[in-house]
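To keep things clear, I will list the structure first and then write my remarks on it.
The values are calculated or read from the model by the stated rules, or taken from the named source; none is laboratory data. Bear in mind the structure is a predicted one, so any value in this text is a computation, not a measurement. Cβ: placed from backbone, ideal geometry, glycine included. Neighbour counts: every protein chain shown.
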């Protein structure tokens with residue numbers, strides 16, 4: 001079995017609209033990519049659940065996958081009519097097996113540190129002495145590529161030691177909780193407001209052969225931990241400050257991520273009621289803060 005693939009170079013204003021048009025016309029899949037990907041003009045744009053992307057790449061490529069029995073000229077002309085403007089495109093035939101292989105080849109293991117890798121299920125870990133977290137791209141709620149998650153992963157790789165108790169608040173895919181457990185934390189709990197996130201976390205924990213407890217907030221029985229990690233957005237971090245602080249033992253630590261670099265001072269001021277705060281890392285405009293709880 002084979003598919004028809006269209007690649008359409010277009011401006012960002014029309015890319016999103018064209019994507020919706022092709023979906024409505026029966027495309028099997030549509031993706032929008034950076035036209036300059038792999039060059040020095042490549043523009044990083046990150047997004048995870050709850051984060052709003054202000055705009056696509058100025059120069060975008062819309063990639064459309066169609067079944068082999070679709071009349072190409074007809075669907076393209078209809079798309080142009082619905083868009084209200086012309087566009088040019090290139091086509092190629094993609095075999096079914098090649099399509100899967102092509103998709104998978106875009107996702108290599110992510111090296112967090114030489115000690116820790118995030119590894120898609122179809123890859124082997126590059127360093128057999130490192131810890132590998134099995135997590136496939138495309139799963140909801142975060143896979144480690146976003147700077148906010150990556151910085152938390154790096155912190156865990158550098159700071160988790162045997163016997164620690166850890167809370168991952170806003171666990172998403174469970175990637176941080178699973179990582180803490182695989183790095184020898186004694187007890188790890190995860191909390192998320194989204195039922196699908198809990199299901200995703202549980203699935204990923206089983207796939208990584210670790211025992212982590214995941215809870216919806218109403219099912220979570222509060223206790224104190226050596227380390228609390230909260231990789232969520234700044235507004236929830238503001239509202240949850242008192243609760244998150246209460247989950248940390250005296251002399252324990254809190255890690256806050258999902259914070260823009262220009263929000264560091266504000267967030268540090270809020271949490272300094274309970275913690276001695278410092279900036280752990282800044283990456284691509286995002287900041288990760290560390291706090292040590294005072295007696």
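A few points about this structure:
- Pairs linking a residue in the range 118-139 that is at pLDDT below 80 to a residue that is outside any strand (DSSP E or B) and exposed (fewer than 15 other Cβ atoms within 10 Å of the Cβ), with Cβ atoms under 6 Å and 6 or more positions apart or on different chains, are 136/121.
- Restricting 230, 222, 245, 197 to those that are surrounded by fewer than 16 Cβ atoms within 10 Å (Cβ to Cβ) and either out of contact with any helix residue (DSSP H, G or I) (no Cβ under 7 Å at 6 or more places or on another chain) or under 23 Å from residue 179 (Cα atoms) (or both) reduces the list to 222.
- Members of the range 51-91 found to be modelled with pLDDT under 90, under 21 Å from residue 36 (Cα atoms) and surrounded by fewer than 15 Cβ atoms within 10 Å (Cβ to Cβ), listed by number: 53, 54, 55, 58
- Once the range 271-289 is narrowed to residues that are modelled with pLDDT of 95 or more and surrounded by 18 or more Cβ atoms within 10 Å (Cβ to Cβ), the residue that is farthest from the chain's Cα centre (by Cα) is 274.
- Given (1) surrounded by fewer than 16 Cβ atoms within 10 Å (Cβ to Cβ); (2) in a helix (DSSP H, G or I), number of the condition residue 211 does not satisfy: (2)
- Being modelled with pLDDT under 80, in a loop (DSSP other than H, G, I, E, B) and over 20 Å from the mean Cα position of the chain (by Cα) is true of residue 40.
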